[in-house]
């Protein structure tokens, strides 16, 4: 059991917690929610001992093993993907590392001053490794890495050569392999595709220890956690049940508190009017005094805190032609890796195609060809009449001017718009108060994503091509974005690993099925004329090759 008792914590003038308490019991799976800056990451750091409370106590049993997956992993390099993962396997992982070092010495005996001693030590470590479950550790590491999207030929590659997102997967694999008794996970679905997210759901559902996590994926939270702790304004409020249950209960509690506040304010107003009216009447002096004392003793009901996303009415795009884009006989390959061969696709006005497929299937490549950022090896990509195309990709974030502030960026984009309109736009994407004066160079990836989407939707195109637009977005902003795009009177082609986004927006599904070159044979792409929800119902698959 882990207990945070009556803790208080502040940084300068920012107060995070005020005499707040929470308890984590064996086997519990708990989701941490709350606005940015509420202190969720600080809770993780209090449990790991990286920080201490200003007041109160944090009780973590000394022998309890804690694994902490965080977004700032530090530098990973110098080892293979598999070796880096196995290093998280406790004593067996340490023996694995020593075996690798000894193997290196044995491979170069001329540079070893005592090769006989090295050989003897190698035998000792190999025996300990075998008896300590080392070979099972290797097999488990491979299974975890496969679940997180790594192919066999990636496992021996240098982890230092991976992108940041793939390094995050290695860091996660290393922690999962260690089987800690307590697992702290800060946004575990960031950088994962839907196939890996579904695998991780199943892995964590079978995990027997304490799990505490933050996550911006509502489906993931609903399927993994059985309790929510809401962190806001210095308090921890616990709700038993899924994330959906929490949102209903929080809304009900807020409505009840609002009603109680209104009733109390009405009563207080009535009492104050009586006091004011009869303050000078000698015959009412006793009653006035009695009511004054009553008012002084009343404990005021605070109104509920509001976390509503700023509402913004997005404009509708101009009408496009009936045929939006047509691909005929398209072929595209990278060396021997053939992604498309004689591929045809026609997208018509108001269709909303979500593109699915395992990692490397060619989803981003398709979007790039449609957007004109990539040329097919053969065939044609023909855009329709009266088309205004808007393309969002992770590279779009690089087009922001790092020297400008958030507000200056949108003002430069839309110089004819009033300040009020632009500030309301930014508020809808969670830029409020001093946030609008932040220099773009200090923004996080999620903040840059919100800013680019805000610019795109303020003057919307009639054909949106979106590649993972929900990366790093919090739950409230995702819901606002889905609501805005539901009312969007244009055409969409998008890739997303967020099932709320997929369910809410798609009315067509394109599943790419290229095979893996080894055990899974390539098949022609599946064009499904229905929503993502209908696709899941029809195929039993939430993602390419992943069945419920």
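The values are calculated or read from the model by the stated rules, or taken from the named source; none is laboratory data. Please read these numbers as outputs of a predicted model, since none were measured by experiment. Ideal geometry is used to build each Cβ from the backbone, glycine not excepted, and the neighbour counts take in all protein chains shown.
Go through (1) in contact (Cβ under 8 Å) with a residue 60 or more places away in the chain; (2) surrounded by fewer than 21 Cβ atoms within 10 Å (Cβ to Cβ) and name the single condition residue 412 misses.
(1)
Suppose the filter is in contact with a helix residue (DSSP H, G or I) (Cβ under 6 Å, 6 or more places away or on another chain) and assigned by TED's automatic domain parsing to the domain that holds residue 346; does residue 435 pass it?
It is false that residue 435 is in contact with a helix residue (DSSP H, G or I) (Cβ under 6 Å, 6 or more places away or on another chain) and assigned by TED's automatic domain parsing to the domain that holds residue 346.
Just one of 481, 457, 485 is in contact (Cβ under 8 Å) with a residue 40 or more places away in the chain, surrounded by 20 or more Cβ atoms within 10 Å (Cβ to Cβ) and assigned by TED's automatic domain parsing to the domain that holds residue 399; which is it?
Checking each option against the conditions leaves just 457.
Would you confirm whether or not region 336-353 contains a residue that is in a helix (DSSP H, G or I), assigned by TED's automatic domain parsing to the domain that holds residue 490 and either under 27 Å from residue 541 (Cα atoms) or modelled with pLDDT of 90 or more (or both)?
no
Can you spot a residue in region 378-393 that is under 30 Å from residue 534 (Cβ atoms), modelled with pLDDT under 95, within 23 Å of the chain's Cα centre (by Cα) and assigned to a helix (DSSP H, G or I)?
No - not one qualifying residue is present in region 378-393.
Quick one: which strands (runs of 3 or more DSSP E) sit completely within region 1-97 and have at least 3 residues that are over 25 Å from residue 477 (Cβ atoms), modelled with pLDDT of 85 or more and touching a strand residue (DSSP E or B) at 6+ places or on another chain (Cβ under 9 Å)?
Filter on region 1-97 gives 2-11, 14-24, 55-59, 66-69.
Quick grid of which residues meet (1) surrounded by fewer than 19 Cβ atoms within 10 Å (Cβ to Cβ); (2) in the same structural domain as residue 118 (by TED's automatic domain parsing); (3) closer than 30 Å to residue 150 by Cα:
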site: 46; (1), (2), (3): no, no, no
site: 57; (1), (2), (3): yes, no, no
site: 61; (1), (2), (3): yes, no, no
site: 82; (1), (2), (3): no, yes, yes
site: 88; (1), (2), (3): no, yes, yes
site: 93; (1), (2), (3): no, yes, yes
site: 97; (1), (2), (3): yes, yes, yes
site: 104; (1), (2), (3): yes, yes, yes
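Being in contact with a helix residue (DSSP H, G or I) (Cβ under 9 Å, 6 or more places away or on another chain), surrounded by fewer than 18 Cβ atoms within 10 Å (Cβ to Cβ) and closer than 19 Å to residue 477 by Cβ is the filter here, so list the residues in region 231-246 that pass it.
Scanning region 231-246 gives a single hit, 244.
Which residue pairs have Cβ atoms under 9 Å apart, sit 6 or more places apart or on different chains, and have a first residue in region 532-548 that is assigned to a helix (DSSP H, G or I) and a second that is surrounded by fewer than 14 Cβ atoms within 10 Å (Cβ to Cβ) and at pLDDT below 85?
Matching pairs, first to second residue: 536/548; 539/547.
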